[in-house]
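To keep things clear, I will list the structure first and then write my remarks on it.
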Amino acid sequence: MKTYAFKVVLEKDKWPDESDEEAVWRAYIPALEYRGAASWGYTEKEALENLKNAVDLLVEYLLEIGEAIPSEPRSQIQVSDVPLIAVTV
């Protein structure tokens, strides 16, 4: 069993003519964004939950088709051979 920890970018996202109140939250994993690891939500929490769901599906798909789960660049992805629990505060 391996545990993968991916760096997440979380930022407010809006069109130039929108007010700050209309902005949504965009969450993505830079190392996996090209594979679809990006989502959004009306709150930070919702954006992160949506991203988690997307990454779960992406990893499941990669395993299903026999592709390796990316482990590089090391500055954005950490891999452990033991189970871990991540807590973000």
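Being closer than 17 Å to Pro30 by Cα and hydroxyl-bearing (Ser, Thr, Tyr) is the filter here; which residues of the stretch 59-75 pass it?
Of everything in the stretch 59-75, those that are closer than 17 Å to Pro30 by Cα and hydroxyl-bearing (Ser, Thr, Tyr) turn out to be Ser71, Ser75.
Can you say whether Gly36 is at positive phi and surrounded by 13 or more Cβ atoms within 10 Å (Cβ to Cβ), as far as the supplied structure shows?
In short, yes.
Conditions (1) in contact with a helix residue (DSSP H, G or I) (Cβ under 8 Å, 6 or more places away or on another chain); (2) at positive phi; (3) surrounded by 11 or more Cβ atoms within 10 Å (Cβ to Cβ), marked per residue:
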| site | (1), (2), (3) |
| --- | --- |
| Asp13 | no, no, yes |
| Glu21 | no, no, no |
| Arg26 | yes, no, yes |
| Asn50 | no, no, yes |
| Glu64 | no, no, no |
| Arg74 | no, no, no |
| Val82 | no, no, no |
| Ile85 | no, no, no |
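Looking only at residues that are aromatic (Phe, Trp, Tyr) and in contact with a strand residue (DSSP E or B) (Cβ under 8 Å, 6 or more places away or on another chain) in the stretch 12-68, which one is nearest to Met1 (Cα to Cα)?
If we take residues in the stretch 12-68 being aromatic (Phe, Trp, Tyr) and in contact with a strand residue (DSSP E or B) (Cβ under 8 Å, 6 or more places away or on another chain), then Tyr28 is nearest to Met1 (Cα to Cα).
Quick one: how many residues across the stretch 4-39 are over 25 Å from Gln78 (Cβ atoms) and touching a residue at least 24 places away in the same chain (Cβ under 8 Å)?
1
Every number here is computed from the coordinates shown, using simple stated rules; none is lab data. From a predicted model like this one, the values you see are computed outputs, not experimental measurements. No Cβ is skipped: glycine too gets one built from the backbone with ideal geometry, and neighbour counts run over all protein chains shown.
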